[in-house]
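Asker: Okay, handing you the structure first.
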Amino acid sequence: MTTLTLSALCQQLLVGLSKATILFIVSSGLSLVLGVLRIPNIFHGSLYMIGAFMAYTVAVAVGGSAGFWVALVAAPVGVAAVSFVIERVLLSRLYEREHLMLLLFTFSVALVLGDLVKMVWGADYRSLSPPALFQGAFDVFGFPFPRYNLFLLGVGPLVAAGLWRLTDRTTIGQIAKAAAVDREMVGAVGINVSWVFAWVFIIGCFLAGLGGALVAPMQNITQGMDHSIIIEAFLIVIIGGLGNIWGALLGAVIFGLTDAVGILVWPQFAIVFPYVAVVTVLLFRPTGLLKSTW
Amino acid sequence: MTKKSILRHPPLYIALAFILLLCLPLMLSRFYLYLLALIFVTGLLATSLNLVLGFGGMYQFHHAVFYGVGAYAFALMLTESGLPAWNAYLAAPIVAGIVGLIMGLICIRLSKLYFGMLQISLGSLVWAIIFRWYSFTGGDDGIHGCYVNGIDSTTNIYYFTLVTVGVCLFIMHRIVRSPFGRVFQAIRDNPERSAAVGVNVMAHQLVGLVIAAVFAGFAGALFVTVEGSAFPDLLFWTLSLEILIMCLLGGWFTFLGPMLGAAIILSLRTVVGIYTEYWTMVLGIVMMLLILFLPEGILGYIGKRREGPVAAERTEP
């Protein structure tokens, strides 16, 4: 009996980790925008939803196994394009405003985007099957573990490594980090801060779109998926430390694992477990586990 | 200082408006009375939020929690306990106040954005529990059929909400003008200086938060009275942002601004709802324009025009 529960636990933890991958990708984008631009971006969740719907449309239009791979590139790029327009037309006028105003403004954008999605894709839910390569399941301790989740477990570290390279090893990453600390000074040495912000914002939103495209084969693509992800992403960013990419990784793992354990221990209240974990972390480390850039 | 003319006497206008509202059931249809009752309730909720947001300068991001908790406390007392209805009206603000106290004790040490974020996470926890606890709260179905004996016709509900909301607004106005309210606003304007002259900043903020939660809880009870049901959406985070929008729209340095904001948004929703199902898009666009061009709200803008450039300097809390 114990071996059975142990293997069930292992399987559930693996599923939790692969969910954490999606959460990490989405919340790292949010954290990047929060850390550098200081914008609590509520419509990050809407971009995730748009990414999922776009991935569906592209995958169906292209068809076959190639469809998924095309969608995996096209959807985040499409989302990045949408975010580019929003940033240049609207947000770039508001950088000097107070956080509360920015929060309400991005919420307004989220309301508009939510209805736009309803207009374009309708109120029905969609579902997408994983590419042929990742259909079916492996056998892990006698339990089936979907191949697609294994693929996600590989994607997570890849994105983390890419983000680390981007922020630590490239000029724009260095400039963005400097701008996060003192944007006047960066402007004073002759760098166009406005465009640095635009690039950081686009990269952050690209990650939201990527998260949406990756989650598309795992669950139904529906209206309202923006509401749940954005709260989760915010909590992950908060417990990790605002603006800290590794904090987002740590937070996502905590969130994914507590959720997985919750499903195993008390399915009815599984949804409560990650929130309890978040509150516990914040009680002892009010500004997050890792160092915040704020 | 010049002598105030009788025409510039605010209580006079408020008394006239109240008498007008008392006469309205004679000429309006049931639908409009229902809409007005809903506006009073939502306006009370927004005003209670503004107590901590506008007058306290605290980032109360998840105020709807207290509204929802009050609504559930009321609905459960009414349907499960078998006690007279006034017990339920008493229970709603008390339970909301207790939840406010607990959340306040946890959040109060943090500043600004962190305060708001921790509040959202705690609020989401409360939401998740209510959403899942089928045997007690009815889960995502909510609780239906909560009708109060004696307050059952639309006209009765209208009068009941008008009078109770009026009393609540009066009490809140007295609180804002009280010594406590003055200190509360001083903390908003300069917390360090307030602490330096011996004010216990956190204690004042905690008391303010509990007061706001109590009124929000009572607004929740009134909502159930009007609507006859309680459901988890009442404490979902999107509602919190919507009432923040109401405060912003009306003007959050003014006492009646949030009430005006609630009236505009609920009326707009009713009118827009006739023509299109995309109400939230209209709301979003209105909000974006407001933040871009009129960040101090309608009443704040009018006040600024009247008072001149001195008031104009203080545009954000």
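Asker: Picking from B:211, B:302, B:245, which residue would you name as being closer than 25 Å to residue A:111 by Cα and in a helix (DSSP H, G or I)?
Answerer: Checking each option against the conditions leaves just B:245.
Asker: If you don't mind, another one. Can you find even one residue in region B:214-231 that is under 30 Å from residue A:119 (Cβ atoms) and part of a loop (DSSP other than H, G, I, E, B)?
Answerer: yes
Asker: From B:158, B:134, grab the single residue that is among the aromatic types (Phe, Trp, Tyr), on the phi < 0 side of the Ramachandran plot and more than 9 Å from chain A (Cβ to nearest Cβ).
Answerer: B:158
Asker: Next up: Starting from region B:236-252, keep only residues that are more than 10 Å from chain A (Cβ to nearest Cβ), then list their pairs with residues that are acidic (Asp, Glu) and part of a helix (DSSP H, G or I) whose Cβ atoms are within a distance under 7 Å, requiring at least 6 positions of separation or different chains.
Answerer: That search, which allows pairs on different chains as well, returns B:239/B:233.
Asker: Given the condition of a type in the set (D, E, K, R), in contact with a helix residue (DSSP H, G or I) (Cβ under 8 Å, 6 or more places away or on another chain) and assigned to a helix (DSSP H, G or I), answer yes or no: does some residue in region B:14-35 qualify?
Answerer: Yes, there is a match, as at least one residue in region B:14-35 is of a type in the set (D, E, K, R), in contact with a helix residue (DSSP H, G or I) (Cβ under 8 Å, 6 or more places away or on another chain) and assigned to a helix (DSSP H, G or I).
Asker: Return the total of residues in region A:170-212 being within 23 Å of residue A:86 (Cα to Cα) and either under 17 Å from the mean Cα position of the chain (by Cα) or not charged (D, E, K, R) (or both).
Answerer: Total satisfying the criteria: 29.
Asker: For region B:76-145, please list each of the helices (runs of 4 or more DSSP H) lying entirely inside it that holds at least 1 residues being in contact with a strand residue (DSSP E or B) (Cβ under 6 Å, 6 or more places away or on another chain).
Answerer: Per the criteria, B:85-107.
Asker: What is the residue count in region A:254-294 for residues that are farther than 17 Å from residue A:11 by Cβ, more than 14 Å from chain B (Cβ to nearest Cβ) and either buried (at least 22 other Cβ atoms within 10 Å of the Cβ) or not charged (D, E, K, R) (or both)?
Answerer: Adding up the residues that qualify gives 1.
Asker: Please count how many residues of region B:98-131 are touching a residue at least 60 places away in the same chain (Cβ under 8 Å) and at the interface with chain A (Cβ under 8 Å from one of its Cβ atoms).
Answerer: 5
Asker: Out of curiosity, is residue B:175 away from every other protein chain (no Cβ under 14 Å), touching a Gly at 6+ places or on another chain (Cβ under 6 Å), closer than 20 Å to residue B:213 by Cα and at pLDDT 90 or above?
Answerer: Yes; evaluated as a whole, the condition is true for this residue.
Asker: Let me ask something else. For region A:140-231, list the helices (runs of 4 or more DSSP H) that sit wholly inside it and hold at least 1 residues that are within 14 Å of chain B (Cβ to nearest Cβ); which are they?
Answerer: Counting at least 1 such residues, we get no helices (runs of 4 or more DSSP H) at all.
Asker: In region A:102-126, which residues are without any contact (Cβ under 8 Å) to a residue 12 or more places away in the chain, surrounded by fewer than 16 Cβ atoms within 10 Å (Cβ to Cβ) and within 10 Å of chain B (Cβ to nearest Cβ)?
Answerer: A:119
Asker: Hey, residue B:59 hits all of (1) of a type in the set (Phe, Trp, Tyr); (2) at pLDDT below 90; (3) part of a helix (DSSP H, G or I) but one; which does it fall short on?
Answerer: Here residue B:59 meets the rest and fails (3).
Asker: Are any of the residues in region A:260-278 touching a residue at least 24 places away in the same chain (Cβ under 8 Å), in contact with a Gly (Cβ under 6 Å, 6 or more places away or on another chain) and more than 16 Å from residue A:34 (Cβ to Cβ)?
Answerer: yes
Asker: Residue check: is residue A:142 exposed (fewer than 12 other Cβ atoms within 10 Å of the Cβ), more than 25 Å from residue A:80 (Cβ to Cβ), out of contact with any Gly (no Cβ under 7 Å at 6 or more places or on another chain) and of a type in the set (Gly, Ala, Ser)?
Answerer: yes
Asker: Looking at (1) of a type in the set (Phe, Trp, Tyr); (2) surrounded by 21 or more Cβ atoms within 10 Å (Cβ to Cβ); (3) under 21 Å from residue B:36 (Cβ atoms), which is the only condition residue B:279 fails?
Answerer: Result: residue B:279 fails condition (2) only.
Yes or no, residue by residue, for (1) of a type in the set (A, V, I, L, M); (2) buried (at least 16 other Cβ atoms within 10 Å of the Cβ):
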{"position": "B:75", "(1), (2)": "yes, yes"}
{"position": "B:78", "(1), (2)": "yes, yes"}
{"position": "B:83", "(1), (2)": "yes, no"}
{"position": "B:112", "(1), (2)": "no, no"}
{"position": "B:146", "(1), (2)": "no, yes"}
{"position": "B:150", "(1), (2)": "no, no"}
{"position": "B:154", "(1), (2)": "no, yes"}
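Every residue, every condition in (1) more than 13 Å from every other protein chain (Cβ to nearest Cβ); (2) at pLDDT below 90, yes or no:
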{"residue": "B:259", "(1), (2)": "yes, no"}
{"residue": "B:278", "(1), (2)": "no, yes"}
{"residue": "B:302", "(1), (2)": "yes, yes"}
{"residue": "B:309", "(1), (2)": "yes, yes"}
{"residue": "B:312", "(1), (2)": "yes, yes"}
{"residue": "B:316", "(1), (2)": "no, yes"}
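The values are calculated or read from the model by the stated rules, or taken from the named source; none is laboratory data. What you see is a predicted model, and the numbers here were worked out from it, not measured in a lab. Please note: Cβ atoms are built from the backbone with ideal geometry, for glycine as well, and neighbour counts cover all protein chains shown.
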